[in-house]
Amino acid sequence: MAILLSTKAHTMQDWKAALLAVDPSLEIRLFPDAGDPAEIEAAVVWTAHDMMELRRYPNLKLIVSMGAGVDHLLRAPGPPPGIPVARLKDVLLTSAMAEWVLLNVLRFHRQDPEYRALQQRKEWLELSAPSTAERRIGILGIGELGSASARVLGSLGVPVMGWSRSARTLAGVQTFHGADGLMAMAAKTDILICLLPLTPQTRGVLNTKLLSALPRGAYVINGARGGHMVAEDMLAALDSGHIAGAALDVFEPEPLPPESRFWTHPKVFLTPHAASITIPSSVAPQVVENIHNMRAGRPLINLVDFSLGY
Ligand code: GLV
């Protein structure tokens, strides 16, 4: 039996080598060279893979997302019915996201855009000092990624708030939940960070209603999914000055089309879905463990809860 890999051509070999380093006996097929469809027992896939295509494999028993997010696998038509989906939970994925969040929080908190503008004008001017203890951070999503970012930011001495759909507690974080909690947190947030899973409930959460609930001059950081942001609402909030700056790693669609205003907007700091990139050698042990679990009929790890959408 064989494992099907499907991702960008330039990373396919890295994935194959990483899985074989953990279990050299695995038979790995690189999409689209799947060979006999009846031999495929597991598919390890990234965003571009067509879920209808996976219905071709009659003996498929496991689908693994090559990232922390699984929205691309769950959206219609979804995975073949009855096939479990696992996602990745990885210390490097989590710490890389926390680094990217920290980079952008410090960029805005320490007035870096303003100092760059002064440098351009050769203007020697010190701005009033930012107060770390008074800079209010609000994190949307306090799961794996959000709670790690909260810990890192908390260690700087900056007050951290966190929002989730249902009530949660997190040490050192003032938590909010539900629709009312979202607006209550927004009203006190200077830097809003989105690290939510993308589900039908969270799609479009970064919209005019939420953005205008933030104090004027707030910043937004989105490291989650492009689908969380209503692009026109974000551009309008940036244009009006209500939002002073945005660090955006994710868009819909990706790659971001050349005509998008986000590319050139002076208040936007853009990265090409690169905030936290899966390192195959780091995640291969959990993928192989799940393949072994599947073969032995043992419980699978990091399974997606279809009812929650992550
Ligand atoms: C990246 O976007 C991931 O889901 O890991």
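The values are calculated or read from the model by the stated rules, or taken from the named source; none is laboratory data. Keep in mind it's a predicted model, so treat the numbers as computed, not measured. Reconstructed Cβ throughout: ideal geometry from the backbone, glycine too, with neighbour counts over all protein chains shown. Note: areas computed on protein heavy atoms with side chains; ligands, DNA, RNA excluded. Shrake-Rupley method; radii C 1.70, N 1.55, O 1.52, S 1.80 Å.
What ³J(HN,Hα) values, in whole Hz, does the Karplus curve 6.51 cos²θ - 1.76 cosθ + 1.60 give for the stretch 294-310 when θ = phi - 60°, with x put for Gly and Pro?
In residue order, the calculated couplings are 4, 5, 8, x, 8, x, 8, 9, 6, 6, 7, 8, 4, 6, 8, x, 7 Hz.
Would you list, by chain and number, the lysines whose Cα falls below 23 Å from the Cα of LYS188, excluding same-chain residues fewer than 8 positions away?
LYS188 reaches LYS209, LYS267.
At a probe radius of 1.4 Å, what is the per-residue accessible area of THR271, in Å² to the nearest 10?
Surface accessible to solvent at THR271 totals approximately 40 Å².
Nearest 10 degrees is fine. How inclined is helix 9-22 to the longest principal axis of the chain, computing both from alpha carbons?
60 degrees
Measure nothing fancy, just the Cα-based angle from helix 144-154's long axis to the longest principal axis of the chain, in degrees from 0 to 90, nearest 10.
So the inclination is approximately 30 degrees.
What shape does the stretch 178-270 have by the C-alpha gyration tensor, where a ≥ b ≥ c are the square roots of the eigenvalues, rounded means a/c under 1.5, and otherwise prolate means a/b greater than b/c and oblate the rest?
Working: a/c = 1.99, a/b = 1.23, b/c = 1.62.
In terms of gyration-tensor shape, oblate.
With the contact rule set at Cα under 8 Å and sequence spacing of 6 or more, what percent relative contact order holds for the chain? Before the final figure, lay out the partial values.
Values: 550 pairs, mean separation 54.2, N = 310.
Worked out over the chain, it gives 17 percent.
Where in the chain lies the longest segment free of trypsin sites (Lys or Arg not before Pro) that are both loop residues by DSSP (not H, G, I, E, B) and have at most 13 other Cβ atoms within 10 Å?
Values: sites that count: LYS8, ARG121, LYS122, ARG216.
Value returned for the longest uninterrupted segment is 9-120.
Which whole-number percent gives the relative contact order of the stretch 124-200, counting Cα pairs below 8 Å spaced six or more residues apart?
Rounded, it is 36 percent for the stretch 124-200.
Please determine, in degrees from 0 to 90 and to the nearest 10, the orientation of helix 91-109 with respect to the longest principal axis defined by the Cα atoms of the chain, where the helix direction is its Cα long axis.
20 degrees
Starting from the Cα-Cα distance between ASP14 and SER240, subtract it from 0.36 nm times their residue separation and give me the gain in nm to one decimal. Let's see the in-between values first.
Numbers: separation 226, 0.36 × 226 = 81.36 nm, distance 4.49 nm.
Working it through step by step, the gained length comes to 76.9 nm.
Where the accessible area of the chain is counted over protein heavy atoms with a 1.4 Å probe, how much of it, in %, is carbon and sulfur? Each step should come with its number before you reach the end.
Values: 8310 of 14620 Å².
C and S fraction of accessible area: 57 percent.
Where is the GNM fluctuation largest for the chain (alpha-carbon springs, 10 angstrom cutoff): GLN111, GLN201, GLN119?
Looking only at GLN111, GLN201, GLN119, the largest GNM fluctuation is found for GLN119.
Considering the zone a paramagnetic label at LEU156 would reach in this model (a point 7 Å from Cα along the Cα-to-Cβ line), which residues of the stretch 93-110 have amide N under 14 Å from it?
So the set is 98-110.
Amide H of ILE28: which non-local residues (sequence gap of 5 or more, or other chain) have their own amide H closer than 5 Å, using H built in the peptide plane?
Close amide H contacts, sequence-distant or interchain: ILE3.
So what J values fall out for the stretch 174-180 if you push phi through Karplus, 6.51 cos²θ - 1.76 cosθ + 1.60 with θ = phi - 60°, rounded to Hz, Gly and Pro as x?
Per-residue couplings from phi come out as 7, 9, 9, 8, x, 5, 5 Hz.
With a ≥ b ≥ c taken as the square roots of the eigenvalues of the C-alpha gyration tensor of the stretch 106-239, please select rounded if a/c is under 1.5 and otherwise prolate if a/b is larger than b/c or oblate if it is not? Provide the component values of the computation, followed by the final result.
Numbers: a/c = 2.13, a/b = 1.41, b/c = 1.51.
Oblate, because a/c is 1.5 or more while a/b does not exceed b/c.
To the nearest Å, what is the center-to-center distance of the stretch 8-59 and the stretch 252-277, using C-alpha atoms only?
So the two Cα centres are separated by 29 Å.
If you stretched the chain out fully between ALA187 and GLU53, how much longer would it get, using 0.36 nm times the residue separation minus the C-alpha to C-alpha distance?
43.7 nm
Rolling a 1.4 angstrom probe over the protein heavy atoms, how many square angstrom per residue are accessible across the chain?
Result: 47 Å² per residue.
Where does the chain land at 222 nm, in deg cm²/dmol rounded to the nearest 500, when only DSSP H runs of n ≥ 4 count, each adding -39500 (n - 2.57), divided by all residues? Walk me through the numbers on the way to the answer.
Details: 9 runs with 99 residues, N = 310.
That calculation yields -9500 deg cm²/dmol at 222 nm.
Hey, with R₀ at 22 Å, roughly what FRET efficiency would GLN120 and THR271 work out to, going by the Cβ-Cβ distance, to 0.05? Display every interim value, and only then the final one.
Working: r = 22 Å, r/R0 = 0.98.
Result of the calculation: an efficiency of 0.50.
Please compute the contact order of the stretch 51-175 in relative form: average sequence separation of alpha-carbon pairs under 8 Å and at least six residues apart, divided by the residue count, as a percent. Intermediate results must be reported in sequence, preceding the final value.
Numbers: 131 pairs, mean separation 23.6, N = 125.
Taking the mean separation of contacting Cα pairs over the length of the stretch 51-175, I get 19 percent.
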